[in-house]
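Here is the structure we will look at, set down as structure tokens.
The values are calculated or read from the model by the stated rules, or taken from the named source; none is laboratory data. Note that this is a predicted model, so its numbers are computed, not measured. Heads up, the Cβs are rebuilt from the backbone with ideal geometry, glycines too, and the neighbour counts pull from every protein chain shown. Accessible surface is based on the protein model in full, side chains and every heavy atom, while ligands, DNA and RNA are left aside. Shrake-Rupley method; radii C 1.70, N 1.55, O 1.52, S 1.80 Å.
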Amino acid sequence: MTRWRTLLGLATGVALLAGCTGDSRPAVETATVGRADVVEIVNAPATVAARAQSSVSAPAEGTIAEVLAADGDRVVAGQPLLRVSSPAAQERLRRAREADAKAAAAVPRPTTPSLTGLQANVDAAAAAAFAAARAAAEQAPRERREQARREVREAEARYAEARERSIEALRSLERGVGSASAAIAAIGEAQRIQTRAAVAAAQATVAALLVRAPISGTVQLGGEGGGNGGDELGALVGSLPESVRGQAEAALGGGGSSGSVTTAEIVVGAPVEKGTPLVTVFDLTAVHLVASVDETDVFLVEKGVRADVELDAVPGARYTATVTAVDLAPTESARGGVTYRVRLSLGPGTQPDGAPAPRPRPGMSAVADLRVRSATGALAVPAAAVIRQGSRDAVWLVAGGRARARVVRLGAQGDDMVEVRDGVAEGDTIVVRGADVVTEGDRVP
């Protein structure tokens, strides 16, 4: 990221005096310190974003059975948009209910080693069931999603407690102080919790076949990138131990992730894979900018900082913007640097001829000139006059015809002029050209 410094207004009372060094070194010029309006600008790439957007992907493989909305339609949250027909999801629900019914029946009286194996099988099935349940919760309508997540967490907690009881019952049986019936009952309790979770997950998947608008806004059918389906499901299954991953993939219908999902045309009869993007809803009641600011500049950017914005799509037009938030956590850039996301409200734009500029669309590229510091009528010197001496900024003050280093404290730093808050006074003569070749005590005309 490059910080661009821009002068707004010209210094007053500055006179350049050409000096002659008498040797082959570059000419040295001096000027008197005056006042100027200076604005320091941080230049940041940005992207236009909708107020909100949310995508929904196919919860299971199948075909598009019904399309209830068209591109560009305005919809409200919860409104049905399309329906997927998935015999495979219906079959998985049937099998989950069948397994739950069997778990509710009386458990036979196996030997202790068999009981230990049964506990391992129950654990593996539970891992698969809860992975499916978490994925199904993410596919729930927005207004019910947090409740669904909470229900899954509560079911997992109940299973963990039941599992501890069954393990303790098995240990007691091995020590000869417990009964097989107690161990069987404890395992059965844990098994029943996981089978009910599997049923709930399968039911949620079937319910998600009727795709509803996750938020209110404007519809776009299909699209690139996933929503709430295959990617999240794949991440959940991939986090499981290898010993149970296969069961989870089988329970979820062959593979927790659909890999590279091909976007299907959303028309009746079109086949879809699990994770195929079905619809995205954009809330366009307001658009904003998301800018990337380098870590070296981020401390200068605060809430309320104003910016001028130019869109690649509308050359010459200028939009107004104001910083609304600065992320605390960094984002690594593709080139390995560290940047921070800055969010800005986006105001209206104006064309070069004064006509209103078109309203930006989500995803458009932009450049934001953030006005991080400004000084009006401030004591200022040309940027070329400032040199570095160790860790300090300095200028060459000309007194008695000789150059003397003077440490200065800078404020707003423009491209041409910089504010000086301490170190020189108005009317002082300083070196403004050739400062890098001047040394202490040099004679300066």
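Taking all protein chains as shown and a probe of 1.4 angstrom, Lys102 keeps an accessible surface of around 140 Å². Accessible area per residue for the range 294-445, computed on protein heavy atoms with a 1.4 Å probe, is 54 Å². Grouping the Cα pair distances of the range 23-99 into 10 Å bins from zero gives a pair-distance distribution of 10, 21, 17, 12, 8, 7, 8, 9, 6, 1 percent in increasing distance order. Entry comment: accessible area of the range 35-89 is 39 Å² per residue, from protein heavy atoms only and a probe of 1.4 Å. When each of the peptides 44-50, 344-350, 423-429 is scored by the mean number of other C-beta atoms lying within 10 Å of its residues, the order from highest to lowest reads 44-50, 344-350, 423-429. Once the C-beta distance of Arg409 and Lys303 is scaled by a Förster radius of 35 Å, the resulting FRET efficiency is 0.85 to the nearest 0.05. If I stretch the segment between Thr47 and Asp73 completely, what's the gain in nm (0.36 nm per residue apart, minus their alpha carbon distance), one decimal? Gain on extension, Thr47 to Asp73, equals 6.9 nm. How would you classify the range 327-445 from its alpha-carbon gyration tensor, with a ≥ b ≥ c the square roots of the eigenvalues: rounded for a/c under 1.5, else prolate if a/b is greater than b/c, otherwise oblate? It is prolate, given that a/c is not under 1.5 and a/b is the larger ratio.
Multiplying the residue separation of Glu332 and Arg421 by 0.36 nm and subtracting their alpha-carbon distance yields 28.5 nm.
Rolling a 1.4 Å probe over the protein chains gives Ile266 an accessible area of about 20 Å². Near the amide H of Arg212, within less than 5 Å, lie the amide hydrogens of Leu81, all on another chain or at least 5 residues away, with H placed in the peptide plane.
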